[in-house]
1. Condition test on residue 20, is it closer than 15 Å to residue 79 by Cα and either touching a residue at least 24 places away in the same chain (Cβ under 8 Å) or among the acidic types (Asp, Glu) (or both)?
2. Under 9 Å between Cβ atoms, which residue pairs at least 6 apart in sequence (or on different chains) link something in segment 69-96 that is farther than 13 Å from residue 50 by Cβ with a partner that is of a type in the set (S, T, N, Q) and at pLDDT below 90?
3. Answer yes if at least one residue in segment 50-60 is at pLDDT below 95, on the phi > 0 side of the Ramachandran plot and over 12 Å from the mean Cα position of the chain (by Cα), and no otherwise.
4. For residues that are closer than 13 Å to residue 92 by Cα and surrounded by fewer than 14 Cβ atoms within 10 Å (Cβ to Cβ), tally how many sit in segment 29-44.
5. Could we say that residue 83 is among the aromatic types (Phe, Trp, Tyr), touching a helix residue (DSSP H, G or I) at 6+ places or on another chain (Cβ under 7 Å) and either surrounded by fewer than 13 Cβ atoms within 10 Å (Cβ to Cβ) or at pLDDT 90 or above (or both) here?
6. If we keep just the residues of segment 45-66 that are of a type outside the set (D, E, K, R) and out of contact with any strand residue (DSSP E or B) (no Cβ under 9 Å at 6 or more places or on another chain), which is surrounded by the most Cβ atoms within 10 Å (Cβ to Cβ)?
Amino acid sequence: MVSEIAVPEDRIEVLEVDGRELPYVEFHRRQPAVKLVLDGEEYFFYKTFPLRGYAPALLKAVRQLEAEGKKVLVAYFPPGRNFPTSHHWDRLYLYATGIRPIGMGKAPGL
C-alpha cells in the first residue's frame, strides 16, 4: 500500500448498491493507499470487500460508519499482476473520515 493518494473531485462517480448511492473512485495501475484525500478531507482505509457478493457486507459497514457521523468513500484498485485470472483479488476498498489509520490502534495489553 502507498501512504496517500489525492483524489480530484471530478474523478468521483456514484456506485449504486441495493438502491444506495455511494461516492466511488476507480483507479487504474495504482496500488491501494492508506489514505485518500478528497477536497482536503482525509479518508482512511477501513476494510476491503470481495467484488463478488459485496453488497450486504459493504452496506452494513457503511451504515455503521454513517451512524457514527463518518463520511465514506468506496474505491477500486486493480489486482496485482501476480493474479491476473483470480477473482479472489478483485476487491472494493472502503475508506472513511474520522477513523484511526492502520497501525494506530490500542497498544498491546490495553
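1. Here the answer is no, as residue 20 does not meet what is asked.
2. Partner pairs satisfying both residue conditions: 77/31; 80/31.
3. Yes, because at least one residue in segment 50-60 is at pLDDT below 95, on the phi > 0 side of the Ramachandran plot and over 12 Å from the mean Cα position of the chain (by Cα).
4. Residues that pass the stated criteria total 1.
5. Values: among the aromatic types (Phe, Trp, Tyr): yes; touching a helix residue (DSSP H, G or I) at 6+ places or on another chain (Cβ under 7 Å): yes; either surrounded by fewer than 13 Cβ atoms within 10 Å (Cβ to Cβ) or at pLDDT 90 or above (or both): yes.
Answer is yes for this residue.
6. 64
The values are calculated or read from the model by the stated rules, or taken from the named source; none is laboratory data. Not measured: the values here are computed from a predicted model. All Cβ positions, glycine included, derive from the backbone under ideal geometry; neighbour counts span all protein chains shown.
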